[in-house]
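Below is one structure, written out as structure tokens; the observations come after it.
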Number of protein chains: 2
Amino acid sequence: MHHLAERILKGEVRATARAMRLVDDRMPDATTVLKDLFPHTGKAWVLGVTGNPGSGKSTLCDRLIEHFRKQNKRVGVIAVDPSSPYSGGAILGDRIRMTRHATDDGVFIRSVATRGHLGGLSRSARDLVRILDAHGSDVVIVETVGVGQDELEITRTAHTTLVVMAPGLGDDVQAIKAGLMECADAFAVNKADREGADATVRDLQLMIALGSETMIAAGKQRGHAVHSEQDGTVENASRSRTMWTPPIVKCVALRGEGIAELVTELEKHHAWVTTTEEGRARRHARLAEELRETLREALIDAATENLGPAIDEAVRAVEDKTRDPYSATEDLVAKFRSTK
Amino acid sequence: MHHLAERILKGEVRATARAMRLVDDRMPDATTVLKDLFPHTGKAWVLGVTGNPGSGKSTLCDRLIEHFRKQNKRVGVIAVDPSSPYSGGAILGDRIRMTRHATDDGVFIRSVATRGHLGGLSRSARDLVRILDAHGSDVVIVETVGVGQDELEITRTAHTTLVVMAPGLGDDVQAIKAGLMECADAFAVNKADREGADATVRDLQLMIALGSETMIAAGKQRGHAVHSEQDGTVENASRSRTMWTPPIVKCVALRGEGIAELVTELEKHHAWVTTTEEGRARRHARLAEELRETLREALIDAATENLGPAIDEAVRAVEDKTRDPYSATEDLVAKFRSTK
């Protein structure tokens, strides 16, 4: 076993931070450590928290940490929001920021630069979650800002995803992204002492009630489900949605109001996802997605390494119009498979 | 040669529309047609037009079409904006919408559902551009809304990318996405008769002047350039940026003001990209990117087809924790390469 893996399993903070940096920098050692840690993962509850800037998402996360700490749970936080107060230094890469939990060694907060596209960010988030899980976190909070495809992908690494909203943000329910709706396992209407909170709750209720139709339409528009539609999984998706109705909880994170109620609802979802057949099916589907993504990256990495100059030659041939890009790609796939 | 390809090269509208539907539906025939058409492409000027909702981007596109038609140029339009008036029916997939150019057979407008992720949309856009190019379009306008990574990727299929802004939209220059800044070859400040237009122009000028530093910082933040930084291409990227300074043109699309001036600037960029060494280098880099993306997709498609049940078995092994996902992926790559 890699020495870092051993030390992480003993709960050593320095080793954990070091492994996370290896993941960030995509060092080969990272994979070795992750392989060693994997059998020791799966114990933590991964809680995704997402919401638009201004929803008070970070304050809410702070309250959640506080709540879990009172229950004596160890908490890991991965903050993938460049505007988050933890992550003021996220652009610098490998800083570990603490807020008022800084002196509490039951809390490990890690900020992540929003680097990489094409699934790179969700892959890193997943690996960091596994390190915190192996390190001994009972709960891992993955905080992302609710914009962009990348951020939505990250919520798929969580068991339970909480979408935080606030009244009067201009992002009323109609404006909320279809994708954000689709990934929500629970809604917090934060700043519920403000005007418009009840209207936001009603709008959300209506949206959830409209349920399946909206989901299918939204899925079609985003195209996400267009392919799966062909084999009928949209039907399944909409059916399985009806098995879990996202609860809506009003809270005022700044004053700590509604937090206990919110956690109760989130825990109900956690029980659903871990104990029911539908929850198991969802975890299976997400694992399959993960493996497919990882395979995609591994293949292109291996092909790039293996084909080297052949790729450059192909680009030149297409440029000179002596070969079309479609045939050139087929050539490269064949070459990759026939050489070692 | 595929019969559709022959008919497209004769400029037949029905065949062109049919081929586009094949691309949308990812039919195997699409690739055959695209292979046949490829040697006949490369004549059209591909003009990307992007901007946030409310910038008047669609009205501006309408004026650009009008302008090019007066020059007797054949115009193709690919509208990847679900809110665009062309594409009211984009969600329905394969509708061809015409606005007031409907009766003009020198204009071919195609709306595209924003389907697919992980580069699927930009691949489709690129293929559709090639069909319109082979069909005989002198200019192909690719209209996208300036949100999200997918949309930004699409701008990379264009020779020249125009970013449309409008004063008083709340999306002032500071708020503009770094990615959007980075892809801009020219800026139109539309609705220039409104208050705040000059301020928007000044802000843009400052942003462009700050130039390289901003680009590098933005690149780092978006992570886009983090990898390339290691081999020094960020340096190159910032240097090549100084070779082309994006012009800023004020216009009022609704009244047709400033359109001629805008087109003049856009044409200067087209000349730069097609005749200078730096322009050629950029086209080469983008072609290399395209091939890498296509290869990535072709590899995962071939692996999925080839490995079939082995992937499901791997997912189950990871689920049972008898194998970690990193080793399982390595196994699959090895298996793919050793079987035919």
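The values are calculated or read from the model by the stated rules, or taken from the named source; none is laboratory data. Bear in mind that the values here come from a model prediction, so they are computed numbers and not experimental data. Cβ coordinates were reconstructed from backbone atoms using ideal geometry, including for glycine residues, and neighbour counts include every protein chain displayed. SASA here: full protein model, heavy atoms, side chains in, ligands and nucleic acids out. Shrake-Rupley method; radii C 1.70, N 1.55, O 1.52, S 1.80 Å.
When A:Leu262 is tested against (1) of a type outside the set (Val, Ile, Thr); (2) surrounded by 16 or more Cβ atoms within 10 Å (Cβ to Cβ); (3) within 11 Å of another protein chain (Cβ to nearest Cβ), just one condition goes unmet, and that condition is (3). Answer yes or no as to whether A:Lys250 is touching a Gly at 6+ places or on another chain (Cβ under 8 Å), open to solvent by 50 Å² or more (accessible area, probe 1.4 Å) and more than 7 Å from chain B (Cβ to nearest Cβ). Yes; evaluated as a whole, the condition is true for this residue.
When residues in segment A:312-331 are screened for being more than 7 Å from chain B (Cβ to nearest Cβ) and open to solvent by less than 50 Å² (accessible area, probe 1.4 Å), 1 of them pass. For segment A:43-69, taking the residues that are out of contact with any strand residue (DSSP E or B) (no Cβ under 8 Å at 6 or more places or on another chain) and under 23 Å from A:Asp105 (Cβ atoms), the one that is least open to solvent (accessible area, probe 1.4 Å) is identified as A:Asp62. State whether one or more residues within segment A:206-221 are modelled with pLDDT under 90, within 12 Å of chain B (Cβ to nearest Cβ) and at positive phi. Looking for residues that are modelled with pLDDT under 90, within 12 Å of chain B (Cβ to nearest Cβ) and at positive phi, one finds none in segment A:206-221, hence no.
Identification of helices (runs of 4 or more DSSP H) wholly contained in segment A:1-118 with 1 or more residues that are among the acidic types (Asp, Glu), over 19 Å from the mean Cα position of the chain (by Cα) and at pLDDT 80 or above yields A:3-9, A:28-37, A:57-70.
Within segment B:1-15, the set of residues being touching a residue at least 24 places away in the same chain (Cβ under 8 Å), open to solvent by 80 Å² or more (accessible area, probe 1.4 Å) and more than 13 Å from B:His40 (Cβ to Cβ) is empty. Sub-9 Å Cβ pairs linking a first residue in segment B:317-339 that is in contact (Cβ under 8 Å) with a residue 24 or more places away in the chain to a second residue that is among the basic types (Lys, Arg) and surrounded by 16 or more Cβ atoms within 10 Å (Cβ to Cβ), at least 6 apart or interchain, are B:Phe336/A:Arg337; B:Thr339/A:Arg337, ordered by first then second residue.
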